[in-house]
Every structure is written in C-alpha cells, then in structure tokens.
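For reference, the structure discussed in these notes is given below.
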Amino acid sequence: MTETAILWLRRDLRLADNPALAAAMSKAERVLPLYIHAPGEEAPWAPGAASRWWLHGSLASLDRELGAHGSRLAITQGDSLETLCAVAREIGATQVHWNRLYDPVPRGRDTRIKLALREQGLLVESYNAALLREPWEVRTASGEPYRVYTAFWRKCAPELLERKPTATPDIFRPAPEYTGLPLAELGLLPRIRWDQGLAARWEPGEPAALARARTFVERDLPGYAVRRDLPGIAGTSALSASLHFGEIGPRRLLALIGELHGAPSSPTAETYVRELVWREFAYHLLFHYPRTPEVPLDPRFARFPWRSQEGSSGSGLSAEEALAAWQSGRTGIPLVDAGMRELWHTGWMHNRVRMAVASFLTKNLLIPWQAGARWFWDTLVDADLAANTLGWQWTAGCGADAAPYFRIFNPVRQGGRFDPDGDYVRRWCPELSGLPAKHIHQPWTAPEALLRTSGVRLGQDYPRPLVDLAKTRQEALAAFETIKRPWASQPSF
Ligand code: FAD
C-alpha cells in the first residue's frame with residue numbers, strides 16, 4: 001500500500017535540517033506539507049502584528065522552495081485537530097509528522113492532538129528542530145531545572161556543541177491532491193500598510209536566512225565580541241526572527257561556524273555561541289516555569305508596588321500616558337526613544353537597547369514589565385515567548401539569574417558608552433542630529449545657545465525628559481526595599 005503522510009509545519013519553515021520533513025520523506029511515498037493557521041489556539045500569545053507580517057513572507061518563501069523540489073505548501077485554517085483529521089481522511093494519510101513547539105499552550109494542544117490521532121490509528125511522530133537539546137533533558141545534580149545561566153552553560157556547552165544538523169532529503173515525495181487556501185486568505189499582512197519599514201529591512205524565508213547566516217559567520221563573527229554591543233552598526237547576526245520561525249536552526253549555525261572557523265568551540269565563536277545558548281536557556285525556563293510569561297519567577301515581585309494605571313508616573317503624566325510616550329519614542333531620553341522608534345519602523349531593536357528601554361520602563365517609570373513585554377510581542381518581528389519573557393524578567397530583576405534590582409541601566413551612560421558618537425540616536429531621532437556627541441544623549445544639559453545653533457527646541461521638536469533619571473532611580477530602589485523585607489510597608493509616591 002502507498003503510504004501518505006502529512007508534514008504539519010509550524011515554526012520550522014525550512015527544508016534543511018528539518019527532522020520531521022526528513023522523516024516524512026523517508027517513511028511515505030506521498031507527503032503533504034501543510035500549514036494550518038490557528039492563532040486562537042496560541043492565545044493569549046497568538047502572533048502579534050509584526051510576527052504575522054514575517055510569517056506571511058516565510059510561508060510564501062517555503063512554498064517557492066518546496067515548488068523547486070516538485071512539492072508545494074498546502075495552506076488552510078481552522079481547528080488544528082479537526083483539520084488534520086479531515087485532511088488525513090481526504091488524502092488517505094496514515095502518518096503525521098511535526099517538529100515540536102515548546103510554548104505552554106501549543107505544547108498542551110500538540111499532546112492532545114498526538115493522542116487523538118494515535119487513537120484513530122495514525123502513526124504520529126514529533127521531532128526536535130528548534131533546539132540543541134530538549135529542555136527536559138537538562139537538570140542540575142539534584143534533579144532541578146537550572147535557574148542560573150552560567151551553570152546551565154557549563155553543564156550544556158560541551159555536549160550542545162556536538163549537535164549535528166539533519167540531512168536534507170535527496171528525494172522530495174510528491175504532494176497528494178489537496179485544495180487549500182491562497183496564502184492571502186489568512187490575512188497576515190496589515191490592511192493599512194504600515195509595514196514599509198519592515199519590508200525595507202527584512203527578507204523572510206530560508207534562502208535569505210541562510211545567506212545572512214553565511215555572511216555573518218564568514219565576515220562578522222570574528223568581530224562579534226566587540227561589535228555586538230554597538231547599536232549604531234550592524235554587528236550582530238540579525239537572525240532572531242529566522243530562528244524563531246525555524247527558517248534556520250541552531251545546529252545548522254553551529255555547523256556553519258565549524259565549516260568556516262574550525263569548531264564551534266573555537267575562541268572566535270564563543271561569544272556568539274553563548275548567545276545561542278541563552279536562547280536554549282530561555283526555552284529551558286519557559287518549559288519548566290510555564291507561567292512566567294505572566295507571573296514573575298521571583299515570587300517577591302508579585303507584591304512589587306508598580307504604578308497603577310491611574311497613578312502618576314512621577315512626571316505629572318498618568319502611567320498610561322507614560323506608557324504611550326515610551327511606546328511612541330517620546331520620553332525625552334534619546335537612547336530610549338531611538339530604540340523604540342527603531343522597533344516601530346523595523347520590527348527589531350538592538351539587544352543592548354532592548355535592555356535600556358526595558359529598564360527605563362520598569363525602573364524609571366515603574367510600569368509593570370508585562371506591559372512592555374506585550375508591546376514587544378506585537379511589534380517585534382522576532383517576538384518569541386521564551387526569549388521575550390526571559391529578557392523582560394531579567395531586566396526587571398524578577399527572573400532567573402536576575403541582575404540585582406539595584407543595577408539600574410542609566411540610558412545616558414549606556415548611550416555614552418555604546419553609542420559614543422551618537423550615530424544611533426541621530427539615525428532614529430533626526431531632530432537631535434545637530435547636537436554634538438557630548439550632549440546627544442542628554443540634550444537637557446546643553447546650554448540654550450548650543451541648542452539654538454543645533455536647531456533643537458526642547459519641549460517642541462523633541463520632548464524634555466519625562467522623568468528625572470536620578471530621582472526615579474532612588475524611587476525604584478525604595479520600591480524594591482518594600483519587597484525585600486516582607487514586613488515593610490509600601491512607599492507612597
Ligand atoms: P545575536 O546577537 O546575533 O544573537 C544570536 C542569537 O542568539 C539571536 O538571534 C537569538 O536567537 C539568541 N539570543 C541572543 N540574545 C538572547 C537572549 N538574551 N535571550 C534569548 N536568546 C538570545 N530575542 C528574541 O529572539 N525574541 C524576543 O522576543 C526577545 N525579546 C527580548 C526582550 C528584552 C527585554 C530583551 C532584553 C531581549 C530580548 N531578546 C529577544 C533577546 C535579544 O535581544 C535578541 O535575541 C537579539 O537582539 C536578536 O538579535 P540578533 O539575532 O542579531 O542577535
């Protein structure tokens with residue numbers, strides 16, 4: 001009998017190093033690559049607007065790639081289990097293969113689907129395409145999950161670096177007849193086209209991801225350790241969205257590093273490989289602490305005196321108004337505003353600036369980290385529940401391996417150190433571009449005459465700072481004192 005398989009594609013939108021694809025192509029004579037759009041099944045973390053934009057491009061690209069191998073991508077929408085059952089009946093499929101997801105809600109759904117399909121007599125197999133190691137395989141000596149990155153790194157690094165990519169199949173099986181939907185029917189692209197900045201910056205899809213990876217590893221990896229912290233230059237891989245959607249996997253990246261630099265463990269590669277392992281650590285944490293997208297890992301922070309919606313943000317503005325100023329890059333703190341505008345225009349923000357804007361929101365404005373995480377979720381093309389949760393909790397000081405709360409990023413000093421000439425701020429806050437480097441990160445300290453000759457009218461073209469950085473730092477420290485000692489009362493701001 002001819003075996004027919006469904007290859008259920010989700011966040012593994014690639015042909016190379018795709019274990020579910022390789023297995024389906026080797027175990028069945030006909031294979032239907034299928035994408036089922038079911039965002040409601042990921043609620044409350046259904047893909048945000050920028051992610052949907054990327055997904056559209058990535059699906060279109062995968063269809064082209066499959067087409068080049070005599071196959072194609074079938075697209076449909078609806079309840080995943082019902083759709084899989086209906087499609088299996090229609091095409092006579094006896095097997096379903098997919099690569100695993102690790103976010104709590106889709107993970108629960110996938111487990112239920114696996115059981116239901118097996119009960120119907122189908123062969124159902126899942127695989128690991130996204131990670132170097134399964135999150136449940138790594139434990140401390142006492143059997144607990146890791147909560148400290150350095151210990152996780154020490155434990156995992158030697159073994160993780162051994163992971164090899166799965167071979168791309170030599171033969172692509174033909175897809176059986178199935179009429180799905182045109183991609184456009186999924187409505188992933190915005191109706192009001194605000195996405196020009198994203199289109200100018202990014203090219204979703206596996207071929208572009210591989211090309212970017214190759215250029216990065218070949219040309220930029222040797223300088224990464226130094227250049228990765230400078231937001232004014234393209235010193236990082238910019239592969240996070242491709243990794244999130246599985247256009248490329250970490251094993252393929254390690255193999256590429258091995259090919260071009262000897263071994264992934266070489267000193268040239270270590271700083272970059274450590275970042276890939278941060279990604280692994282993020283998935284490890286999300287797997288073991290599935291409530292952390294909403295709830296702080298450090299339980300003391302459940303009592304943290306964030307400013308309430310109606311409360312003042314220390315600037316005369318309500319917390320809601322302060323959040324809106326942060327979102328739109330109008331806080332009057334140049335590094336923060338440059339970052340938020342980069343995010344809005346390109347769907348991405350440099351890591352160092354992500355830390356600075358997150359610290360400003362949570363520590364200087366005392367707005368809950370969850371509000372920032374939500375904004376990032378909607379605006380980042382690389383929005384990833386594991387990495388976003390880790391990034392926000394780490395910066396807010398309530399997560400694993402947290403920087404002590406009192407280590408508050410000063411965006412003026414961060415700017416002076418990592419954007420010393422102000423190139424990054426000038427690019428995203430052009431109204432400040434006439435200012436000399438000395439004042440670009442703190443225009444409020446510039447003498448009136450200099451502001452005038454630089455063409456800057458504070459409070460008109462560019463806002464005055466929303467808050468006093470030193471004063472709000474002290475307030476944040478005082479707020480932290482209240483949760484350090486359970487018996488202390490909350491301060492009134
Ligand atoms: P590179 O410097 O080239 O790093 C290589 C890869 O390592 C990245 O592509 C990414 O997959 C991974 N990586 C790097 N740093 C981290 C990290 N701290 N945690 C987990 N993985 C990491 N990253 C996301 O992919 N999605 C998010 O939603 C996200 N939200 C964040 C929110 C905050 C508040 C912070 C501080 C960080 C967040 N990050 C997130 C992590 C990091 O900022 C991005 O991964 C990085 O900027 C992506 O750029 P790159 O691909 O050029 O990174």
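Below is a table of values for the structure above.
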quantity	calculated
Which listed residue, of A130, A74, is closer than 17 Å to L285 by Cα and surrounded by 20 or more Cβ atoms within 10 Å (Cβ to Cβ)	A130
Selected residue (criterion: most open to solvent (accessible area, probe 1.4 Å)) from residues of segment 370-385 that are more than 10 Å from the ligand (Cβ to nearest atom) and within 17 Å of P290 (Cα to Cα)	R374
A38, sole failed condition from (1) surrounded by fewer than 22 Cβ atoms within 10 Å (Cβ to Cβ); (2) in contact (Cβ under 8 Å) with a residue 60 or more places away in the chain; (3) touching an Asp or Glu at 6+ places or on another chain (Cβ under 9 Å)	(2)
Residue match in segment 51-66 (condition: modelled with pLDDT of 95 or more, open to solvent by 10 Å² or more (accessible area, probe 1.4 Å) and outside any helix (DSSP H, G or I))	no
Residues (more than 9 Å from the ligand (Cβ to nearest atom), open to solvent by 10 Å² or more (accessible area, probe 1.4 Å) and either over 20 Å from P106 (Cβ atoms) or not hydroxyl-bearing (S, T, Y) (or both)) located in segment 272-292	L285, F287, H288, P290, R291
Where R89 falls short, out of the listed (1) touching a residue at least 12 places away in the same chain (Cβ under 8 Å); (2) out of contact with any Lys or Arg (no Cβ under 7 Å at 6 or more places or on another chain); (3) in a helix (DSSP H, G or I)	(1)
Qualifying residue in segment 319-338 (condition: in contact with a Pro (Cβ under 8 Å, 6 or more places away or on another chain), within 16 Å of the ligand (Cβ to nearest atom) and of a type in the set (F, W, Y))	no
Leading residue by the ranking (modelled with the lowest pLDDT) among those in segment 386-396 that are more than 6 Å from the ligand (Cβ to nearest atom) and open to solvent by less than 10 Å² (accessible area, probe 1.4 Å)	A396
Residue satisfying condition, being in contact (Cβ under 8 Å) with a residue 60 or more places away in the chain and more than 13 Å from the ligand (Cβ to nearest atom), within set P420, P411	P411
Where R307 falls short, out of the listed (1) at pLDDT below 95; (2) charged (D, E, K, R); (3) open to solvent by 60 Å² or more (accessible area, probe 1.4 Å)	(3)
Test: residue in segment 397-407 that is of a type in the set (G, A, S), in a loop (DSSP other than H, G, I, E, B), away from the ligand (no atom under 16 Å from the Cβ) and buried (at least 22 other Cβ atoms within 10 Å of the Cβ)	no
Of all residues making up segment 214-230, the number that are open to solvent by less than 20 Å² (accessible area, probe 1.4 Å), in contact (Cβ under 8 Å) with a residue 40 or more places away in the chain and within 10 Å of the ligand (Cβ to nearest atom)	2
Residue list for segment 68-86, filter: more than 19 Å from G246 (Cβ to Cβ) and free of Cβ contacts under 8 Å to residues at least 24 places away in the same chain	E82, A86
Residues being farther than 21 Å from G258 by Cβ, open to solvent by 40 Å² or more (accessible area, probe 1.4 Å) and part of a loop (DSSP other than H, G, I, E, B) - total across segment 139-185	14
Tally, over segment 347-358, of residues that are open to solvent by less than 10 Å² (accessible area, probe 1.4 Å) and either aliphatic (A, V, I, L, M) or more than 9 Å from the ligand (Cβ to nearest atom) (or both)	6
Yes/no for I248 being open to solvent by less than 20 Å² (accessible area, probe 1.4 Å) and within 12 Å of the ligand (Cβ to nearest atom)	yes
Filter pass, R300 being touching an Asp or Glu at 6+ places or on another chain (Cβ under 8 Å), assigned to a helix (DSSP H, G or I) and away from the ligand (no atom under 12 Å from the Cβ)	no
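The values are calculated or read from the model by the stated rules, or taken from the named source; none is laboratory data. Small disclaimer: the values here were computed from a predicted structure and weren't measured. Using ideal geometry, Cβ is built from the backbone for each residue, glycine included, and neighbour counts are taken over all protein chains shown. For accessibility, only protein heavy atoms count, side chains too; no ligands or nucleic acids. Shrake-Rupley method; radii C 1.70, N 1.55, O 1.52, S 1.80 Å.
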